[in-house]
1. Just a yes or no: is a residue in the stretch 99-109 at pLDDT 90 or above and of a type in the set (Gly, Ala, Ser)?
2. Checking LYS46 against (1) at pLDDT 90 or above; (2) surrounded by 11 or more Cβ atoms within 10 Å (Cβ to Cβ), which test does it fail?
3. Which of the residues that make up the stretch 49-66 are at pLDDT 90 or above and in a loop (DSSP other than H, G, I, E, B)?
4. Residue by residue through the stretch 97-138, note down the ones that are among the β-branched types (Val, Ile, Thr) and either assigned to a strand (DSSP E or B) or surrounded by fewer than 19 Cβ atoms within 10 Å (Cβ to Cβ) (or both).
5. Does the stretch 116-135 hold any residues that are on the phi > 0 side of the Ramachandran plot and touching a strand residue (DSSP E or B) at 6+ places or on another chain (Cβ under 9 Å), and which are they?
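The values are calculated or read from the model by the stated rules, or taken from the named source; none is laboratory data. Please read all numbers here as calculations on a predicted model, not as lab measurements. When we count neighbours, we look across all protein chains shown, and the Cβ atoms used for this are built from the backbone with ideal geometry, even at glycine.
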Amino acid sequence: MWRIIKAGVPTVMLFLVGCNEYGYRYQPHAQLTSNPIYADYRVQPKSVDILVDTDGLKLNNVAIAKPDGQIVKPTSVDYPVFASQYDPGNEVTMRSSAEFAQGPTVAHFDKTAIGSGPWDVQVDINTLSPQTIRVGER
């Protein structure tokens, strides 16, 4: 039995190291290590949903830049719930005055307006410089 457990631990550790909290596949290059930003997409019958994990920060603006330079805005954006987080200190729990996203932000884009992937998703996130994340396969 111990052989099975010993063999499985490295595999599980390798799997966990390669994942972020929500299992998104894409991230911008040259991003700040203190605020990892991830994204993913879901293709629906009439739309493409871009999910952005902002590491708790507010997504101020999101758009898709098409190869011809045209910028496409989302038809709607679903923001997560924002709540204060508690910071456990030395025997005292401190409440943060800032509120943080409790999940990903989802931007819905019209499928015909953005065409087929991959898509260059431009994100403007509170306190970070604007970044571009390429999502989707060709």
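1. Kept after step one, since they are at pLDDT 90 or above, are these residues of the stretch 99-109: 106-109.
Remaining after also requiring of a type in the set (Gly, Ala, Ser): 107.
Yes, the stretch 99-109 has at least one match.
2. Of the numbered conditions (1) at pLDDT 90 or above; (2) surrounded by 11 or more Cβ atoms within 10 Å (Cβ to Cβ), the odd one out for LYS46 is (2).
3. Of everything in the stretch 49-66, just one residue is at pLDDT 90 or above and in a loop (DSSP other than H, G, I, E, B), namely LYS66.
4. Step one: filter the stretch 97-138 for residues among the β-branched types (Val, Ile, Thr), giving 105-106, 112, 114, 121, 123, 125, 127, 132-133, 135.
Selection gives THR105, VAL106, THR112, VAL121, VAL123, ILE125, THR127, THR132, ILE133, VAL135.
5. In the first step, residues of the stretch 116-135 are kept if they are on the phi > 0 side of the Ramachandran plot; the result is 127.
Across the stretch 116-135, there are no qualifying residues.
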